[in-house]
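A short write-up of the structure that comes next.
The values are calculated or read from the model by the stated rules, or taken from the named source; none is laboratory data. The shown structure was predicted, so the numbers you read here are calculated from the model rather than taken from an experiment. A quick note on method: Cβ atoms are made from the backbone with ideal geometry, for glycine too, and the neighbour counts reach across all protein chains shown. Heads up: the accessible areas ignore ligands, DNA and RNA and are worked out on the full protein's heavy atoms, side chains in. Shrake-Rupley method; radii C 1.70, N 1.55, O 1.52, S 1.80 Å.
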Amino acid sequence: MPTISVVMTVYNGEKTIVETISSVIKQTFSDFEIIVINNGSTDNTLEVLKNIQDQRLKVFSYEHVDLPTSL
């Protein structure tokens with residue numbers, strides 16, 4: 001079990017998600033997992049995420065919601 005979980009939500013973030021995740025991956029501390037919650041993106045966010053090859057990355061997709069909700 002990783003020491004740290006980095007949790008981020010994304011909605012239509014295909015242009016920035018690689019840079020965001022790369023920033024986390026480049027940290028000197030490496031005992032972490034990255035959990036991305038896809039909030040119903042309608043662009044190519046999921047396809048971009050599928051191309052990131054790192055076993056610490058976990059992606060969960062849900063229908064888009066405008067307000068915070070319990071998933």
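Structure notes:
- Electrostatic bookkeeping for Thr3 treats Lys and Arg as +1 and Asp and Glu as -1; over the other residues with beta carbon under 11 Å from its beta carbon, the sum is -2.
- In the full protein context, the chain carries 72 Å² of accessible surface per residue, based on a 1.4 Å probe and ignoring ligands, DNA and RNA.
- Ratio of Rg to Rh over the chain (Cα coordinates, Kirkwood Rh, two decimals): 0.96
- Charge dipole (Cα centre; +1 on Lys/Arg Cβ, -1 on Asp/Glu Cβ; no other charges) of the chain amounts to roughly 180 debye.
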